[in-house]
Amino acid sequence: MNLIILIGAPGSGKGTQSQLMSNSLDYPVICIGDIVRQEMNSKTELGKEMIRYIETGDLVPSDLINKIFLNKFNSLRSSKGLILDGFPRTVDQAVFLNEVINGLNIRLNIFFIDVPDEVLIKRLTYRSRADDKEEIIINRLNTYNLETKPLLTFYKHLLNTVNGNDTEKNVQSKLIACIN
Ligand code: AP5
Ligand code: MG
């Protein structure tokens, strides 16, 4: 399996780029944020447990997220490729992912979509999703800096950094060109 991981700050274009990539490569996407929002909207027990994290912009605890990921991953195991949007988002999630894929025939493509803070803030303010309110955006960015950025060091030997401050189309072309 070709496993493509997109790492980036809130608003960096993970969702946009994974959708474009999914359309052209015909790989499914696992977007943890979308799954979390679906659970919340359907008011499932899991959704009720996660709502307070989303509403503040904190990360949902990894034990919950890892379970969600594993379920989805297992259901897509036979796919020739898979795109991960928003997972892993912490070093402990990355360690978990390594355990999950250990021994499987997996080609890893790990991307960091790099976008300056002021551009991120502009994009998110303009979009206005439920968690796109100013104080939540600030916390999401702080949380990203504290908890997700260490992944860039964790994956430093595998990481492809792509400048995400460009048109959607150009970013996509750069990502596709790096996939092996
Ligand atoms: P998640 O849904 O993943 O949100 P996020 O990381 O904050 O990122 P966004 O979805 O806001 O941005 P994006 O990078 O996908 O960019 P997009 O393409 O949308 O997570 C939400 C929450 O779920 C988290 O806060 C956390 O609580 C929880 N969660 C999720 N995963 C978790 C995990 N692993 N562990 C624990 N908790 C987890 O683009 C943004 C905007 O910019 C759009 O309007 C788009 O149209 C625009 N845009 C995109 N690209 C461009 C471009 N090139 N030029 C101009 N505009 C652009
Ligand atoms: Mg997204």
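The values are calculated or read from the model by the stated rules, or taken from the named source; none is laboratory data. In this text the structure is predicted, and so the values were computed from the model without any measurement. For neighbour counting, all protein chains shown are included, and Cβ atoms are generated from backbone atoms with ideal geometry for every residue, glycine included. Surface accessibility is based on the protein's heavy atoms, side chains included, excluding ligands, DNA and RNA. Shrake-Rupley method; radii C 1.70, N 1.55, O 1.52, S 1.80 Å.
Take the residues in the stretch 44-85 that are near ligand 1 (Cβ under 7 Å from one of its atoms) and out of contact with any Cys (no Cβ under 6 Å at 6 or more places or on another chain); name whichever of them is most open to solvent (accessible area, probe 1.4 Å). My answer is D58. Reported count of residues in the stretch 131-159, each being touching a helix residue (DSSP H, G or I) at 6+ places or on another chain (Cβ under 8 Å) and free of Cβ contacts under 8 Å to residues at least 40 places away in the same chain, is 2. Check the stretch 131-145 and report whether any residue there is open to solvent by less than 90 Å² (accessible area, probe 1.4 Å) and in a strand (DSSP E or B). No, because not a single residue in the stretch 131-145 is open to solvent by less than 90 Å² (accessible area, probe 1.4 Å) and in a strand (DSSP E or B). Does L158 satisfy the criteria of being surrounded by fewer than 12 Cβ atoms within 10 Å (Cβ to Cβ), of a type in the set (A, V, I, L, M, F, W, C) and within 18 Å of the chain's Cα centre (by Cα)? Considered against the rule, which asks whether it is surrounded by fewer than 12 Cβ atoms within 10 Å (Cβ to Cβ), of a type in the set (A, V, I, L, M, F, W, C) and within 18 Å of the chain's Cα centre (by Cα), L158 comes out as yes. Those helices (runs of 4 or more DSSP H) of the stretch 60-127 in which at least 1 residues are basic (K, R), considering only elements entirely within it, cover 62-75, 117-127. Of Q38, Q19, all but one fail to be touching a strand residue (DSSP E or B) at 6+ places or on another chain (Cβ under 8 Å), within 16 Å of ligand 2 (Cβ to nearest atom), at pLDDT 95 or above and open to solvent by 80 Å² or more (accessible area, probe 1.4 Å); the exception is Q19. For the stretch 86-108, taking the residues that are surrounded by 12 or more Cβ atoms within 10 Å (Cβ to Cβ) and of a type in the set (A, V, I, L, M), the one that is farthest from ligand 1 (Cβ to nearest atom) is identified as I106. Does any residue of the stretch 47-54 turn out to be in a helix (DSSP H, G or I) and in contact (Cβ under 8 Å) with a residue 40 or more places away in the chain? Yes, the conditions are met somewhere in the stretch 47-54. Of all the listed residues (T148, T56, T90), the sole one being over 24 Å from A177 (Cβ atoms) and within 16 Å of ligand 2 (Cβ to nearest atom) is T148. The residue that is farthest from P88 (Cα to Cα), among those in the stretch 12-31 that are over 11 Å from the mean Cα position of the chain (by Cα) and outside any helix (DSSP H, G or I), is D26. Among all residue pairs at least 6 apart or on different chains, which show Cβ distances below 8 Å where the first residue, located in the stretch 164-180, is open to solvent by 50 Å² or more (accessible area, probe 1.4 Å) and the second is part of a loop (DSSP other than H, G, I, E, B)? Correct list of pairs: N165/V115; N165/P116; E168/G13; K174/D166.
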